[in-house]
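A.B. asks: Take this structure, written in structure tokens, and hold onto it; I'll ask about it next.
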Amino acid sequence: MLRIGIIGYGYWGPNLVRNFAETPGLTVAGVADLDQKRLETVQKRYPGVKTTIRFQDLLEDPSIDAIAVATPVSTHFELGMAVLKAGKHLWLEKPMTESSLQARMLVDEAEMRKRVLIVDHTFIYTGAIRKMAEIIQQEDLGDIYYYDSVRINLGLFQRDVNVISDLAVHDFSILDFLLREQPVEVSVAGTNHFPGTPENLAYISLFYNSGMIAHSNVSWLAPVKVRQILLGGSKKMISYDDLEPSEKIKIYDKGVSFTDDPQKIYQMRVGYRTGDMWAPQLDTTEALRVEGEHFVDCIENDKVPLTDGSLGLRVVELIEAATRSMNERGRAVKIKGTPMWQGRVVA
């Protein structure tokens with residue numbers, strides 16, 4: 001039975017503790033947070049869990065095998081490095097770090113100490129995204145033409161990260177997981193409407209050598225909450241609405257055909273195909289529960305997580321390039337990313 005500690009019981013920490021407490025093979029050993037009232041809540045809900053205002057208490061506890069860090073991103077590198085140097089496996093919230101240099105150092109440290117490093121890009125573990133990956137791998141969509149995402153709502157305004165790090169980070173990890181291809185260039189138009197706060201709206205375009213283009217619209221200033229993705233291929237297309245209680249994914253047998261045949265051009269150069277629509281059955285297990293079980297499996301059987309440190313690093317590199325483009329009013333920025341998906345099979 002693996003014992004895990006959690007540093008941070010703010011916005012996301014309670015979700016981690018709840019899921020870890022229900023994950024087979026995992027026991028919540030302790031929670032650290034600077035807010036004593038939060039710790040009192042932990043003690044009421046989980047009487048057997050040790051609480052402390054000192055995160056060092058978790059690092060120094062030899063009975064704890066792994067630690068999850070659910071604190072502001074500005075603290076991820078310092079705390080993550082301390083966890084690894086203490087010889088414990090590391091669960092790190094997204095985005096992984098403030099800079100790609102910090103992320104690379106954590107990846108190197110984990111590899112040197114042979115510790116599992118997983119970055120909590122939760123969407124990768126949802127039934128919907130995993131089903132989309134399965135459909136793509138089976139080549140049911142054909143060549144992928146575009147990825148179009150809308151990820152908007154009113155708030156929550158962040159103090160330490162911009163809207164790219166807060167919302168577009170999900171699209172960056174999803175694209176990495178689905179396409180197995182890295183973008184080569186990014187262009188971003190974004191702005192900050194309130195002086196002294198991070199950028200709250202951005203329109204992001206990613207360009208790929210294959211000809212695929214991805215677009216993400218992220219905002220904290222929308223009157224409604226929208227979480228939608230359109231994925232278009234040469235054979236079929238997918239729509240995904242995360243806010244749908246059922247039928248989150250719909251697959252459309254629709255598309256176009258293009259011809260250069262002189263005889264057919266006379267009739268119609270572009271043909272349209274309209275077929276059936278269907279909604280596949282999805283695994284409804286909570287993503288954090290799936291990820292928790294995956295974390296245990298990786299530790300016990302020496303496996304590489306789907307969302308390992310290398311994926312986390314690639315996402316941080318994208319955030320850096322996108323932010324640089326936004327700061328330069330949309331100038332296209334080339335991406336020299338970390339190598340990816342070296343023969344890995346999706347679990």
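A.B. asks: Can you tell me which residue in the range 74-85 is nearest to GLU109 (Cα to Cα), limited to those that are in contact with an Asp or Glu (Cβ under 9 Å, 6 or more places away or on another chain) and crowded, with 20+ Cβ neighbours inside 10 Å?
C.D. replies: LEU84
A.B. asks: Related question: Under the condition of being touching a Lys or Arg at 6+ places or on another chain (Cβ under 8 Å) and aliphatic (A, V, I, L, M), which residue from the range 180-208 is farthest from ALA322 (Cα to Cα)?
C.D. replies: VAL184
A.B. asks: May I pose another question? GLY232 passes all but one of (1) in a strand (DSSP E or B); (2) more than 18 Å from the chain's Cα centre (by Cα); (3) surrounded by fewer than 19 Cβ atoms within 10 Å (Cβ to Cβ); which number fails?
C.D. replies: Going through (1) in a strand (DSSP E or B); (2) more than 18 Å from the chain's Cα centre (by Cα); (3) surrounded by fewer than 19 Cβ atoms within 10 Å (Cβ to Cβ) one by one, GLY232 breaks only (3).
A.B. asks: Checking LEU311 against (1) in a loop (DSSP other than H, G, I, E, B); (2) surrounded by 11 or more Cβ atoms within 10 Å (Cβ to Cβ); (3) modelled with pLDDT of 95 or more, which test does it fail?
C.D. replies: (1)
A.B. asks: Can you tell me which of ILE118, ILE124, ILE213, ILE164 is surrounded by 17 or more Cβ atoms within 10 Å (Cβ to Cβ), farther than 30 Å from LYS303 by Cβ and modelled with pLDDT of 95 or more?
C.D. replies: When all the criteria are applied, what remains is ILE164.
A.B. asks: Does LEU318 satisfy being assigned by TED's automatic domain parsing to the domain that holds ILE204, crowded, with 19+ Cβ neighbours inside 10 Å and modelled with pLDDT of 95 or more?
C.D. replies: yes
A.B. asks: Could you list, ordered by first residue, the pairs with Cβ atoms under 8 Å in which the first is in the range 290-301 and within 13 Å of ALA66 (Cα to Cα) and at pLDDT 95 or above and the second is part of a helix (DSSP H, G or I) and not hydrophobic (A, V, I, L, M, F, W, C), at least 6 apart or interchain?
C.D. replies: Sorted first by the residue in the range 290-301, then by its partner, the pairs are GLY292/ASN19.
A.B. asks: Turning to a different aspect of this structure: How many of the residues in the range 146-178 are over 16 Å from TYR240 (Cβ atoms) and not in a helix (DSSP H, G or I)?
C.D. replies: Residues in the range 146-178 being over 16 Å from TYR240 (Cβ atoms) and not in a helix (DSSP H, G or I): 10 in total.
A.B. asks: Something else: Filter the range 102-128 down to residues that are of a type in the set (A, V, I, L, M, F, W, C), touching a residue at least 40 places away in the same chain (Cβ under 8 Å) and more than 25 Å from GLU286 (Cα to Cα), then give me how many there are.
C.D. replies: The initial filter retains those residues of the range 102-128 that are of a type in the set (A, V, I, L, M, F, W, C), namely 103, 105-107, 110, 112, 116-119, 123-124, 128.
Remaining after also requiring touching a residue at least 40 places away in the same chain (Cβ under 8 Å): 103, 106-107, 110, 116-119, 123-124, 128.
Filter once more, so that each one left must be more than 25 Å from GLU286 (Cα to Cα): 103, 106-107, 110.
Residues meeting the conditions: 4.
A.B. asks: Return the only residue of GLY25, GLY8 being at positive phi, buried (at least 22 other Cβ atoms within 10 Å of the Cβ) and in contact (Cβ under 8 Å) with a residue 60 or more places away in the chain.
C.D. replies: Just one listed residue meets the conditions, GLY8.
A.B. asks: Sticking with this one: Name the residues in the range 244-287 that are loosely packed, with under 12 Cβ neighbours inside 10 Å, of a type in the set (A, V, I, L, M, F, W, C) and either at pLDDT 60 or above or within 33 Å of the chain's Cα centre (by Cα) (or both), would you?
C.D. replies: VAL256, PHE258, TRP278
A.B. asks: So, in the range 105-145, of the ones that are assigned to a loop (DSSP other than H, G, I, E, B) and under 14 Å from the mean Cα position of the chain (by Cα), which residue ends up farthest from LEU175 (Cα to Cα)?
C.D. replies: Filtering the range 105-145 for residues that are assigned to a loop (DSSP other than H, G, I, E, B) and under 14 Å from the mean Cα position of the chain (by Cα), the one farthest from LEU175 (Cα to Cα) comes out as THR126.
The values are calculated or read from the model by the stated rules, or taken from the named source; none is laboratory data. Everything numeric here is computed off the predicted structure, so don't read it as measured data. Backbone-built Cβ (ideal geometry, glycine too); neighbour counts: all protein chains shown.
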